[in-house]
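S.K.: Dropping a structure here in structure tokens format, bear with me for questions.
The values are calculated or read from the model by the stated rules, or taken from the named source; none is laboratory data. Note that the structure is a prediction, hence the values are computed from the model and not measured. Positions of Cβ are generated from backbone atoms using ideal geometry, with glycine treated the same way; all protein chains shown enter the neighbour counts. Calculation scope for accessible area: heavy atoms of the full protein, side chains included, ligands and nucleic acids excluded. Shrake-Rupley method; radii C 1.70, N 1.55, O 1.52, S 1.80 Å.
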Number of protein chains: 2
Amino acid sequence: MKTSAVCVLGAGLIGGSVLRAATDAGYEAWGYNRSEAGVRAARADGFDVDGDIAAVLRRAAAADALIVIGVPMPALDSILSDIKEFAPGCPLTDVISVKAPVAAAVHRHELGAHYVGGHPMAGTSESGWAASTSDLFRDAAWAVGVDPGTQVEPWSRVARLALDCGAVVVPVIAAEHDRAVARISHLPHVLAEALAVTGAGGGDLALGLAAGSFRDGTRVAATAPDLVRAICEPNSAALLEALDDALRLLTDARDRLAADHTLGPLIDAGYSERDRYDTLRRWDITDIRPGDHNWLERLREAGQRGGVIRVL
Amino acid sequence: MKTSAVCVLGAGLIGGSVLRAATDAGYEAWGYNRSEAGVRAARADGFDVDGDIAAVLRRAAAADALIVIGVPMPALDSILSDIKEFAPGCPLTDVISVKAPVAAAVHRHELGAHYVGGHPMAGTSESGWAASTSDLFRDAAWAVGVDPGTQVEPWSRVARLALDCGAVVVPVIAAEHDRAVARISHLPHVLAEALAVTGAGGGDLALGLAAGSFRDGTRVAATAPDLVRAICEPNSAALLEALDDALRLLTDARDRLAADHTLGPLIDAGYSERDRYDTLRRWDITDIRPGDHNWLERLREAGQRGGVIRVL
């Protein structure tokens, strides 16, 4: 570990929160933001954020900073070109909500050698620097990539940053991450949008009667549409699989309700699985150190079984 | 108004909360509960709850109490038989989540003359007396029936009880209520169950990565299965309509995602309708008094347009 510098590209909800949390944890942290308004807002809060990507990245190269890509998916290619030009040797991670497409882009830009995918599982329906907080990742799961070929040094720096931001590390390969988040993050968005539309189809009477179940079920539909698209659409293959599973369940339930006036099987299964979620205990991975024989494969397998890293 | 006595049958989450709120508001309030455990729990908290339905209802008849049916749908017929036997002349309402099937049962038991349907839109995923609170209905919508033939005196007593419990009154006829709640209360339950099952299909890895969107989207799946069935299944016709609307939206979105990798139309619509919900302003109905010419039809029409009663 030569340095503990962190350079965050994109100071929105997630990137901004990384910048805040890393600063709080004692890192030398600075960042880039494309919009002038975002730069001004971050500076007004005392953070070192600049709109000059070349200058920001040259500083990262000089300091051997860990670069954290916090821009939305549509801006990824452009930011990778800049990194390739100004800081190609820096350890590199990202906090984007999908992992395989990011890894593919990183490799297209020949930046794979020092790259480790990341994804902190936290957020709100708000976005932008104004929504960022230093404790957004407190006790959150932070997925850290263990794909074949991952190097020990950048991996350790990414995992340590996640821990220093208050999260626990979930080791996972890109493809499995994407299939998992399709089910527990992207599908919830799609169902929330459909519920909002169907509920509003009942008019002001229905919306006026709506209480907790509708409010909670549609909460993430309040997220900015561009952001939801940027989160869900790059993961379309895995999302389609999850959506087809949900459609099958709902269609079966519908047919059963029409035929026998019962929703029993779906309700019993849903209750049981929600209980499984509520009672899930994360267990600590303590016996695998980065660089150990077969460490990537062993971490992957531990992560599949619900293991997390709390200390490095 | 001869009296302000209230007799609550069923001291679970909703009935128990009515008993608490009515007591706090100064009503002489007592109740019945079938299970001995519920009776003991309510008594331990200082409430007058008894397991002898005949005695409880004879007291209601003597005091001209407003009877509030708070038992789940499957227990309705039995409790109506008891009311018919021991207190057939009392004003009668209920807090069951569906209105047309309750009204039909009430009329089968020839108790329609003094009946006014009710439904406070509040709850938690907990159930039973232990979950009841006196402020459950604070600022909640409380649907009060304005079906043709409704009498002024029982209507006013039901509406006043709702207001005294801290709620606002939404006037609505049974069929329209049932169609509305299918969309904003029963459909959310069905989607939550399907999300819980589909999410858990990703195993412990997926559940371990799950954050706010999954937690909120599945919250009501933690409700006891028997209760969810008792809430949703009696409203199967309206729920089927809402479910078919949602299935159509989701299938269209699925096909669009598969063909064009976009979820744009659904996401834009969902955002817009959630915003409509967030910015919905309840307006006060102030110019229609119970008993006025055409009052039932006028209240119904005002309720359809999002009007509520705050003062009687």
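S.K.: Along Cα-to-Cβ, 7 Å out, sits the label point; list in nm, shortest first, how far the one on B:Asp275 is from those in the other copies.
M.R.: 4.2
S.K.: Report the semi-axes of the equivalent ellipsoid for segment A:228-312 in whole Å, largest first, where each axis is √(5λ) for an eigenvalue λ of the Cα gyration tensor.
M.R.: 37, 19, 10
S.K.: Also: Excluding ligands and nucleic acids, what accessible area in Å² is computed for A:Lys84 using a 1.4 Å probe, to the nearest 10?
M.R.: 80 Å²
S.K.: How many angstrom lie between the Cα centre of segment B:243-312 and the Cα centre of segment B:2-59?
M.R.: Between the Cα centres of segment B:243-312 and segment B:2-59 lies a distance of 35 Å.
S.K.: The protein assembly as shown: D in µm²/s via Stokes-Einstein (Kirkwood Rh, Cα pairs, 20 °C, 1.002 mPa s)?
M.R.: Approximately 81 µm²/s, per Stokes-Einstein.
S.K.: Quick one: ranking A:Val49, A:Val197 by accessible area, 1.4 Å probe, largest first, what do you get?
M.R.: A:Val197, A:Val49
S.K.: Per residue of B:230-243, how many C-beta atoms from partner chains lie within 10 Å of its own C-beta, taken as a mean?
M.R.: Shielding by partners across B:230-243 averages 4.
S.K.: Enumerate the calculated ³J(HN,Hα) couplings along segment A:288-295 in order (Karplus 6.51 cos²θ - 1.76 cosθ + 1.60, θ = phi - 60°), each rounded to whole Hz, writing x wherever the residue is Gly or Pro.
M.R.: For segment A:288-295, the Karplus-derived couplings read 10, 9, x, x, 4, 4, 6, 4 Hz, x marking Gly and Pro.
S.K.: From the residues A:Leu247, A:Ser4, A:Tyr277, which one has its Cα farthest along the dipole of chain A in the positive direction, the dipole being from +1 and -1 charges on Cβ of Lys/Arg and Asp/Glu about the Cα centre?
M.R.: Of A:Leu247, A:Ser4, A:Tyr277, it is A:Ser4.
S.K.: Further question on the same structure: Return a single number: how many Lys pairs in the protein assembly as shown, at a sequence separation of 8 or more or on separate chains, have alpha-carbon atoms below 28 angstrom apart.
M.R.: Within the protein assembly as shown, the lysine pair count is 6.
S.K.: Using a cut-off of 12 Å between beta-carbons, work out the net charge of the residues near B:Ala75 (Lys and Arg +1, Asp and Glu -1, B:Ala75 not included).
M.R.: So the surrounding residues net to -3.
S.K.: Same structure, new question: What are the trypsin sites (Lys or Arg not before Pro) within segment B:256-312 that DSSP puts in a loop, where the Cβ has at most 13 other Cβ atoms within 10 Å?
M.R.: Numbers: sites: B:Arg256, B:Arg274, B:Arg276, B:Arg281, B:Arg282, B:Arg298, B:Arg300, B:Arg305, B:Arg310; in loops: B:Arg281, B:Arg282, B:Arg305, B:Arg310.
Of the trypsin sites (Lys or Arg not before Pro), the ones in loops of segment B:256-312 whose Cβ has at most 13 other Cβ atoms within 10 Å are B:Arg281, B:Arg305, B:Arg310.
S.K.: Would you work out which of A:Phe86, A:Trp129, A:Val71 lies farthest towards the positive end of the dipole of segment A:51-170? Charges go on Cβ: Lys and Arg +1, Asp and Glu -1.
M.R.: Farthest towards the positive end: A:Phe86.
S.K.: Follow-up. Using the Cα centre as the reference, give the magnitude of the dipole from point charges on the C-beta atoms of chain A (Lys, Arg: +1; Asp, Glu: -1; all else neutral), rounded to the nearest 20 debye.
M.R.: So the dipole magnitude of chain A works out to roughly 360 debye.
S.K.: Using a 1.4 angstrom probe on the protein heavy atoms only, line up B:Thr279, A:Thr251, B:Thr286 by accessible area, largest first.
M.R.: So the residues, ranked largest to smallest area, are B:Thr286, B:Thr279, A:Thr251.
S.K.: Name the residue farthest towards the positive end of the dipole of segment B:178-279 from the options B:Ser236, B:Ala210, B:Pro188, assuming +1 on Cβ of Lys and Arg, -1 on Cβ of Asp and Glu, about the Cα centre.
M.R.: Farthest towards the positive end: B:Ala210.
S.K.: Between A:Asp94 and residues 5 or more places away or on another chain, which pairs have amide H atoms under 5 Å apart, with H built 1.01 Å from N, and which residues are they?
M.R.: A:Ile69, A:Gly118
S.K.: Right, here's the next one. Leaving ligands, DNA and RNA out of it, report the carbon-plus-sulfur percent of the accessible area of the protein assembly as shown at a 1.4 Å probe. Working shown, then result.
M.R.: Details: 11430 of 23740 Å².
Within the protein assembly as shown, the accessible surface is 48 percent carbon and sulfur.
S.K.: Only Lys, Arg, Asp and Glu count, each charged at its Cβ (+1, +1, -1, -1), so figure out the dipole size of segment A:181-303 about its Cα centre, rounded to 20 debye.
M.R.: My answer is approximately 220 debye.
S.K.: For B:Phe47, what accessible surface area do you get with a 1.4 Å probe? Give it in Å², rounded to 10.
M.R.: 40 Å²
S.K.: So with the 1.4 Å probe, I'd like the accessible area per residue for segment B:187-312, rounded to whole Å².
M.R.: Values: 5260 Å² over 126 residues.
Value returned for segment B:187-312: 42 Å² of accessible area per residue.
S.K.: Now, a different point. Between copies, how far does the label point of A:Asp260 sit from its twins, in nm, shortest first, when each point is 7 Å from Cα along Cα→Cβ?
M.R.: List, nearest first: 4.0 nm.
S.K.: About its Cα centre, how strong a charge dipole does the protein assembly as shown have in debye, to the nearest 20, once Lys and Arg get +1 and Asp and Glu get -1 at the Cβ?
M.R.: Details: 60 positive and 82 negative charges, 114 e Å.
Here the size comes out at about 540 debye.
S.K.: Using only C-alpha positions, report the orientation-averaged shadow area of the convex hull of chain A, nm², one decimal.
M.R.: 17.5 nm²
S.K.: Distances from A:Gly26 to the same position in the other copies: list them in nm, one decimal, shortest first, using label points 7 Å from Cα along Cα→Cβ.
M.R.: 6.3
S.K.: So what are the ³J(HN,Hα) numbers for segment A:44-55, from phi and the Karplus equation (6.51, -1.76, 1.60; θ = phi - 60°), rounded to whole Hz, Gly and Pro as x?
M.R.: Whole-Hz 3J(HN,Hα) from phi for segment A:44-55: 4, 8, x, 9, 8, 10, 10, x, 9, 4, 4, 5.
S.K.: Also, quick follow-up: Please report, to two decimal places, log10 I(q)/I(0) for segment B:69-193 at q = 0.10, 0.13, 0.18 Å⁻¹ as given by the Debye formula with identical point scatterers on the Cα atoms and no solvent.
M.R.: -0.31, -0.52, -1.02
S.K.: Tell me the label-point distance for the pair A:Thr124, B:Glu126, using the 7 Å Cα-to-Cβ offset, in nm and rounded to one decimal.
M.R.: 2.6 nm
S.K.: DSSP loop (so not H, G, I, E, B), at most 16 other Cβ within 10 Å: list which GluC sites (Glu not before Pro) in segment A:83-139 pass both filters. Before the final figure, lay out the partial values.
M.R.: Working: sites: A:Glu85, A:Glu110, A:Glu126; in loops: A:Glu110, A:Glu126.
Sparse-neighbourhood loop GluC sites (Glu not before Pro): A:Glu110, A:Glu126.
S.K.: Mind checking the log10 I(q)/I(0) for segment A:178-279 at q = 0.20, 0.22, 0.23 Å⁻¹? Debye, one equal scatterer per Cα, no solvent, two decimals.
M.R.: -1.25, -1.33, -1.34
S.K.: Another one. With θ set to phi - 60°, apply the Karplus curve 6.51 cos²θ - 1.76 cosθ + 1.60 along segment A:173-188 and write out the HN-Hα couplings as whole Hz, x wherever there is a Gly or Pro.
M.R.: Per-residue couplings from phi come out as 7, 4, 5, 6, 4, 5, 5, 5, 6, 4, 7, 10, 10, 7, 4, x Hz.
S.K.: Also: Using protein chains only and a probe of 1.4 angstrom, how many square angstrom of B:Ile96 are accessible, to the nearest 10?
M.R.: Rounded to the nearest 10, the figure is 10 Å².
S.K.: Here's another thing I want to ask about it. Name the long-range amide H neighbours of A:Ala143: under 5 Å, sequence gap of 5 or more, or other chain; modelled H, no Pro or chain starts.
M.R.: So A:Ala143 has HN proximity to A:His119, A:Met121, A:Val170.
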